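The values are calculated or read from the model by the stated rules, or taken from the named source; none is laboratory data. All values reported here derive from a predicted model rather than from experimental measurement. Virtual Cβ from ideal backbone geometry, glycine too; neighbours counted across all protein chains shown.
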């Protein structure tokens, strides 16, 4: 495998400033498609998606959920995560993993269209 990861999620305490500035810039420069930072001290979660050459912040929907564009079916209930409601976090994740978009993603992963050419 060559290149940057498609998705990076980090848990940050005292390093939040570094994660949201220097690391964000490094990941942008290297083409990471999505980047999430759980800032534990601030009780906040930031999700960014690469749009062209810049990261754009992604807001959660009305239920508090962010859906990954890079990994269809990866749904994170940020509101529940920050509230410590891990049962709700897992319930939304399971719902995403049972979605049609996730089923199609898994099929694509298993297909010859996803295999490197020799």
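Restricting 10, 25, 42 to those that are within 11 Å of the chain's Cα centre (by Cα), modelled with pLDDT under 95 and either part of a loop (DSSP other than H, G, I, E, B) or closer than 30 Å to residue 116 by Cβ (or both) reduces the list to 10.
Would you say residue 37 is crowded, with 19+ Cβ neighbours inside 10 Å and assigned to a strand (DSSP E or B)? Against the criterion (crowded, with 19+ Cβ neighbours inside 10 Å and assigned to a strand (DSSP E or B)), residue 37 qualifies. One residue alone among 16, 4, 12, 67 is surrounded by 12 or more Cβ atoms within 10 Å (Cβ to Cβ) and in the same structural domain as residue 105 (by TED's automatic domain parsing), and that residue is 67.
Listed by first and then second residue, the pairs with beta-carbon distance under 6 Å, at least 6 apart or on different chains, first residue in segment 76-102 and under 28 Å from residue 13 (Cβ atoms) and outside the structural domain of residue 66 (by TED's automatic domain parsing), second at pLDDT 95 or above and in a helix (DSSP H, G or I), form an empty list.
One residue is enough: does segment 55-69 have a residue meeting the conditions touching a strand residue (DSSP E or B) at 6+ places or on another chain (Cβ under 8 Å), in a loop (DSSP other than H, G, I, E, B), under 20 Å from residue 8 (Cα atoms) and touching a residue at least 40 places away in the same chain (Cβ under 8 Å)? The answer is yes; a qualifying residue exists.
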